[in-house]
């Protein structure tokens, strides 16, 4: 599902995102307007010197989100970063708190994240170069189908 998501899937927020100068601006806009996209997700980015951890956590008390939900959220976040920074961008790593999926599912993870996924981690998140936050936004402006005037 994450492979089919695009910037336009964020609705009107995609227009705001397209006007942000950098990935940092995009992430800050997502934090500010998260309720218009998904009120159960909270985006965090932690600067660790030369690297940054991007995490989207669920703000649910129970039940705990499923593994599939966490995987989808990280997949969408990775696709968003690639649309902002260019399709050749890859994270340094992607971390999952759950066990590795069956071997037959691993090609999906490698294709979507374009890096070796790590499992049984302490958090779910993407690790990227800190300099990626200040790279220019190269996402094209979202387009919607034209509507006919009545």
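The values are calculated or read from the model by the stated rules, or taken from the named source; none is laboratory data. Keep in mind that this is a model prediction, so the values were computed, not measured. In this analysis, Cβ positions are derived from the backbone assuming ideal geometry, glycine residues included, and neighbour counts consider all displayed protein chains.
Overview of values
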item	result
Filter pass, residue 1 being modelled with pLDDT under 85 and loosely packed, with under 13 Cβ neighbours inside 10 Å	yes
Qualifying residue in segment 124-144 (condition: farther than 22 Å from residue 25 by Cβ, surrounded by 13 or more Cβ atoms within 10 Å (Cβ to Cβ), at pLDDT 85 or above and within 17 Å of the chain's Cα centre (by Cα))	yes
Yes/no for residue 91 being modelled with pLDDT under 65, surrounded by 15 or more Cβ atoms within 10 Å (Cβ to Cβ) and touching a strand residue (DSSP E or B) at 6+ places or on another chain (Cβ under 7 Å)	no
Flag if residue 108 is modelled with pLDDT of 85 or more, in a helix (DSSP H, G or I), over 14 Å from the mean Cα position of the chain (by Cα) and under 25 Å from residue 139 (Cα atoms)	yes
Filter result (at pLDDT below 80 and assigned to a helix (DSSP H, G or I)) within segment 38-84	67, 68, 69
Where residue 71 falls short, out of the listed (1) crowded, with 19+ Cβ neighbours inside 10 Å; (2) out of contact with any strand residue (DSSP E or B) (no Cβ under 7 Å at 6 or more places or on another chain); (3) closer than 17 Å to residue 26 by Cα	(3)
